[in-house]
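We did not get these values from a lab; they are worked out from the coordinates using the rules stated. Since the structure is predicted, the reported quantities are computational estimates derived from the model, not experimental observations. Glycine gets a Cβ as well: all are built from the backbone with ideal geometry, and neighbour counts include every protein chain shown.
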Amino acid sequence: MKRTPTVGEILQAKGVSRRGFLKYCATTASILALPPTMIPRIAEAIESARRPSVIWLSFQECTGCTESLTRSATPTVEGLIFDAISLDYHHTLQAAAGDQAEAARHAAMEENNGDYLVLVDGSIPLANPGFSTIAGISNVDMLRETVAGAKAVVAIGSCAAFGGIPGADPNPTGAVAVSELVTDKPVMNVPGCPPIPIVMTAVLAHFLTFGELPALDKHGRPLAFYGTTIHDRCYRRPFYEQGRFAETFDDEGAKAGWCLYKLGCKGPITYNACATTKWNSGTSFPIEAGHPCLGCSEPDFWDKGGFYEPLSTGNFDSGAKLAGAAAVGAALGAVAATAGRRRQAKYTKEG
């Protein structure tokens, strides 16, 4: 019987030093908001673990989630974690095609029954199951067949997590999220259009270490990355609290880096790690590049009131009402600032 090497053996064979490995474990603990005391446990678990089998299914999607992942910087956690798993089926990345590809999927399911992970990107059409097929199999049937023996399921991207763009009004294909069809397995949502690469890989690192999914919020998202809003950590928030807002994309406020609330930023209602983890190896994120957050990691983001309309104004477009929105934003910011100062005073007194 063919022996499956441990992750530690694989990393050693690839020339990863002990120092580099422990640095990776420390980074993983930090990313997952775990205490430093967990670093030795992560190291021990990963070193002794066998490579878990991962089957990646792509349905109604644009391949953006895969593009995001493959464009992550290396060598990093992303590169290491994908050395540590066995990606046995992926339409875009696998070399096999046709019958060979489907044979690889079935072999992975049979050999790892009860232990493999299923990653899904893209929504599933129900109005006409034959609208989207792979190897003559409808997305619905392939999903149900594949998850039957899975240990857990991860919905990658907003289409798989919440229906995304295919599920936007009027939803001609009857697109639904993975969680609407998979009810007998643990399902975790990693939304975003696309998700941040390190979020996807850190989730796999957690599963590899603990054999289970991390703590989730009410929408099934990992709390380590979706526990706070973008607005909570945005470097432009001081301008929000001062009532300083860009009026247009090229005015002096925009050039000075003022808050983009009046230009429709959805940061105050969007839970994601964009403001801290950022993109392109921590280089930037949309707000830093001068574009308001679209709220792509939230349910039904495509249908929520228009991308460039402030949250407090609905579908209004008059200057007076936009000014009113700015006033509301400033008022809310002042309240938040006052509350923050009170909490700080309390902690200082208690300390």
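Just a few scattered comments:
- In this simple spin-label approximation, residue 255 and residue 148 carry label points 7 Å from Cα along the Cα→Cβ vector, and these lie 6.5 nm apart.
- Cα-projected label distance for residue 48 with residue 26, points at 7 Å along beta-carbon direction, nm: 2.4
- Applying 1/(1 + (r/R0)^6) with R0 = 41 Å to the Cβ-Cβ distance of residue 107 and residue 247 gives a FRET efficiency near 0.10.
- Sorted ascending by nearby beta carbons within 10 Å, beginning with the fewest, 206, 90 become 90, 206.
- Phi-based couplings in Hz for region 56-66 (Karplus 6.51, -1.76, 1.60; Gly and Pro marked x): 10, 9, 10, 10, 7, 8, 10, 6, x, 5, 5
- Take the Cα of residue 269, step 7 Å toward its Cβ, do the same at residue 291, and the gap between the two points is 2.1 nm.
- At q = 0.10, 0.11, 0.14, 0.20 Å⁻¹, base-10 log of I(q)/I(0) for region 68-219 (Debye sum, equal scatterers on each alpha carbon): -0.35, -0.43, -0.71, -1.49
- Farthest towards the positive end of the charge dipole of region 127-196, among the residues 181, 138, 153, is the Cα of 153, using unit charges on the Cβ of Lys, Arg, Asp and Glu.
- Over 28 Å (Cα to Cα) - which of 151/304; 151/218; 218/266 fall in this group: 151/304
- Relative contact order (%) - criterion: Cα under 8 Å, at least six apart; region: region 128-197: 35
- Positive minus negative residues near residue 116 (Lys, Arg vs Asp, Glu; Cβ under 9 Å): -2
- When you filter the GluC sites (Glu not before Pro) in region 179-264 for DSSP loop state and at most 16 other Cβ atoms inside 10 Å of their Cβ, you are left with 212, 247.
- Built amide H within the under 5 Å cut-off of residue 284, gap 5+: 279
- Backbone N within region 11-46 under 20 Å of label point (7 Å from residue 115 Cα along the Cβ vector): 11-12, 42-46
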